[in-house]
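First the structure, in the form of structure tokens, and then the observations on it.
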Amino acid sequence: MTTDTPEVLSCKGLRKRFDDVTAVDDVSFTIAAGETYGLLGPNGAGKTTIISMVAGILRPDAGDVLVEGVPVSTRTTEPKGRIGYVPQELAVYPDLTGRENLTFFARLQGLSRVAAARRVAHVLGVVGLTDRADDRAEHYSGGMRRRLHIGMGLLHEPILLVLDEPTAGVDPQSRNAIMDNIRELAHSGLAILYTTHYMEEAERLCDRVGVIDAGRLVAEGTRRELVALLGERDRISLSVDGDLGHAEDVARLVPAVLGVAARGRGLELLVHDARQCLPAVLSALAEEDVRVRAVEVDEPNLETVFLHLTGRALRG
Amino acid sequence: MRASLLIAAKDLRQRLRDRSVLVFTLVLPLGLGLVFSLVLGDLADGNDVFRYAVADADGGQVAAVFTHQVLPAASEGGAITVRTASSTQEALRLVDDGDVTAAFILPPAFTARVMAGQEAVIEVVGDVDAPLGTGVARSLAESFTARLTSVRVSVAAALRAGSTRDPARLAAEAASVPDPLRQVEIPASRRELDATTYYAAGMSVFFLFFTVQFGVTSLLDERRAGTLARLLASPIRPLSVLLGKLITSLVVGTVGTAVLVAATSVLMGARWGHPVGVGILVLTGVLAATGVVAVVASLARTSEQAGGWQAVVAISLGALGGAFFPVAQVGGPLAVISLVSPHRWFLRGLADLAGGDVRAVLPSAGALTAFALVGFGTAYLLGRREVRL
């Protein structure tokens, strides 16, 4: 995706210090149109500092942020209009209605009164708040406020959406709705920068993930690329009836299987990609009349990657 | 500028929904106006503040000078009214009933005692709940009896020189002669505000320092709520955010003060002066107040902290500047120190304006503008990190 589509965001050598603490240390990455890039790291890793520099509200000590090749800084205005920023805090005015909140920020983005009204109506529909548009935000549920909060970042049809932990403190149902929304936005061609300390969200949403720790980007790539960096393999555990030795021989003949070991009344297979090779394994066993009673797949996840890269758990 | 106006419009909408701003811009000023009208309303009407009765049990010529010349002359200014009681008992009853503040009682043989060179006293019986009015009555009486001492000397000198005229008539004429040394009366309207206007103006400038807080401290609220980050991520100049907050303070402060000016004029009869001059002072006063509270806000970390500090500053400057009592009249170092308070300049400007010349407010307006410029400059230097300028 990054090679075929135009680059929307480019961060080069970003550095930021706060007194004696280096919050961000030489971080570089790019995001292409239609790509969702996740910054994954624990609290305090530097994700929000990076996001703040990308959004042009924090000046880096060194490095550049370019949106479609145009530098972003705290003093520039034009490139900020291409960015939709959704900060971590629930940045809505509780004493204004949903429509008033959206209209205010739409007008700040430079939209005319008419254009703002049109975009507000559209965004209210996108975030599912049309029916409650004229209620004050203080009367919204937490999930509704969070949706309004995200909607504010979409008003001016940005080409880059920057989301800083958008599901923090949200109930599972609302979280799913928000993630579905974000996925749809990515499919519409929006470039998305997404920070989270939830491994599941990064795996579910992001095309590529940058693992950040203590201000440094320690690794980046697709989930599979990151797992491959560590030389990890997927494991398939099978509970089988009948001759275990025969079943082991059959499994070993499947091309994608790297290794087989008998464990109690079952087999443990080491493979490159469990999801891809599982059908072939089950088919081969079925042809040899080996009855499989249970299957368990164990894929190394980003939590494992983070643990290996930093020596610490993601949510420590 | 467009972004600043949008921010100010949003803030004002929020403030209108925030009851605290209504309290500071409408309820408190109007409430104070009502209290002032009750307490000082009589003064504003120009009469009936100190109501006196006089009982003349003497009936002589010297007593008549007091009842028919001294008291009527004093009441011409509108500060007192005098009614005649038919007897000492009636005068005392009027005081007891609260119908008058105090009563002057000229005892029998008052004139004769003056003629005989003996001590003659005008008794003053006052309402215990009206010490100020009683004190004024006592001053009037003492002033007259002090003059009688010189009258006695004058009469004695005339008789010794061979005058054949009636001593009582001579004494009455001497007592009624104006003092040779009189204080030259500078028209009070040129340098002094009447009490009603003074306290109305003092309260208005005092509350001004609270009303303008809403704009500048909302920047701290925005930071806490996370909306400041969103504002700064918008395609606007960071300075637009500060300017928007400034406009909010100016509008709230100007409207609040205008309401108080109108309310005190209507309810209390306060005489603020020429509208153009008042407008200049109000605008520069609002700017000065906003500048001062902006400095305080730029030093605070939270809006609650800023509110506390600003209250201390507002009360201190208000007391020093004469919002509660006319410090300038005390004189000495305190009057000089009071010049560091914008309140002092605001009140001084109004006093200068009382003469009728609008240009007279310019020195005070200049001082208030200087307060504003220093305040904004300091706040900018201290607070620019807040908006990453």
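Figures for the structure shown
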item	result
For B:251-261, mean number of other protein chain Cβ atoms within 10 Å	0
Largest-first principal axis extents of the Cα set of the protein assembly as shown (Å)	158, 49, 48
Residues of type lysines that B:Lys10 reaches as a straight line, Cα spacing below 27 Å, ignoring anything fewer than 8 places off in the same chain	A:Lys80, B:Lys245
For A:84-90, mean number of other protein chain Cβ atoms within 10 Å	4
Cα-centred dipole magnitude for the range A:233-299, charges only on beta-carbon of K, R (+1) and D, E (-1), debye, nearest 20	140 debye
10 Å Cβ neighbours from other chains, averaged over peptide B:1-8	2
The range A:7-228 - charge dipole about Cα centre, Lys and Arg +1 at Cβ, Asp and Glu -1, debye rounded to 20	500 debye
Cα→Cβ-extended label distance, 7 Å offset, between A:Ala228 and B:Phe325, nm	8.6 nm
Protection proxy ranking, peptides A:78-87, A:277-286, A:298-307, average beta carbon neighbours within 10 Å, highest first	A:78-87, A:298-307, A:277-286
Net charge over other residues, Cβ less than 15 angstrom from the Cβ of A:Asp289 (K, R count +1; D, E count -1)	-4
Rounded to the nearest 20 debye, dipole of the protein assembly as shown from Cβ charges on Lys, Arg, Asp, Glu	1900 debye
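Every number in this text was worked out from the coordinates using simple rules, so none of it is lab data. From a predicted model like this one, the values you see are computed outputs, not experimental measurements. When we count neighbours, we look across all protein chains shown, and the Cβ atoms used for this are built from the backbone with ideal geometry, even at glycine.
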